[in-house]
């Protein structure tokens, strides 16, 4: 009697919801709701009523390992850098789908050395039937910091890679360690970096700065997300009184402002930790490295403040490699 009395006063949608509730179905059915496409048209998507579903799946797919090699800060071209690059190729071949090397095209001697070494590695890989594609990418405008990184990013995107791994030739990383890092690169995250000496680390969430964020010494980035902005030109050092470098910080801050729910940032303390060869014998190279490390915090802060970006955040995580 009650239903017959009030039904003429109710809309069809109200009647449907009331009946669903009375039958105990409100939280056991999918309710279709309209969603606008980018062109403004409507399509139907399924939303689970009464359920808050969070998606944090690892980003799968091909990974390109990338590095840069140049001699601007080395006194002598003794070939040790090319030998370090050869070691990197050997280890990267165990966890990469492609290896890309950016070389300053203006340094014809270095470019030739790298190409000859890579040709030899390719021959050896073919003999061992364990070939991983290797690309030597000459960079015509090397610049100061970001040109080679963005060229490598464009190359990775052209290969339809899902993940780009930036690494220094001085860092040694085992396949098991890289696998551990990749487990933290989920679809709500843009970058995961490995903790190396000189970084500030404390488990938990922190306001990002140049000393506690991932460095491209070894960092895994989502190609799809990073390619939306690339490394910013403010990090090239083009502006007066705005020093360049530490390109990771400003890029992370911008992405977190634009897409906060999918641009997480993680720094992972691996156990065992990677080995970073920083005991250089070249005094000029060592001095350059020490000055760079000391200024990372101030340079990142200067770039983020100049762009008027809000604070970014980084999560510090410990991971025991099994």
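Bear in mind these aren't lab numbers, they're just calculated from the coordinates by the rules spelled out. The model shown is predicted, which means the values in this text are computed figures rather than measured ones. Cβ coordinates were reconstructed from backbone atoms using ideal geometry, including for glycine residues, and neighbour counts include every protein chain displayed.
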For this session: Along Cα→Cβ, 7 Å out, is where each label goes; now give me the distance between the ones at residue 72 and residue 287 in nm to one decimal.
Result: 1.8 nm
Problem set entry | Expected-Rg normalisation [2.2 N^0.38 Å, Cα atoms] applied to region 187-322 | 1.05
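Using alpha carbons only, what's the Rg to Rh ratio of region 273-317 with Rh from Kirkwood?
Details: Rg = 14.9 Å, Rh = 13.3 Å.
The Rg/Rh ratio comes out at 1.13.
How high is the FRET efficiency from residue 205 to residue 176, r the C-beta distance, R0 25 Å, rounded to 0.05? Intermediate values should be presented prior to the final figure.
Working: r = 27 Å, r/R0 = 1.06.
Taking R0 as 25 Å, the efficiency between residue 205 and residue 176 is 0.40.
Given a cut-off of under 8 Å on Cα pairs at least six residues apart, what relative contact order in percent is computed for region 118-235?
Numbers: 104 pairs, mean separation 38.7, N = 118.
So the answer I get is 33 percent.
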Exercise. For residue 318 and residue 144, FRET efficiency with R0 = 30 Å and r from the beta-carbon atoms, rounded to 0.05?
Worked result: 0.30
Exercise. Per q in 0.30 1/Å, what log10 I(q)/I(0) does a Debye calculation on the alpha-carbon atoms of region 128-181 return?
Worked result: -1.26
Seminar exercise, completed: Residues of region 215-239 with backbone N under 17 Å of the label point set 7 Å from the Cα of residue 295 along Cα→Cβ are 234-239
Seminar exercise, completed: Bounding extents of region 63-320 in its principal axis frame from Cα atoms, largest first in Å, are 50, 39, 34
Exercise. How far is the Cα center of region 227-267 from the Cα center of region 94-149, in Å?
Worked result: 26 Å
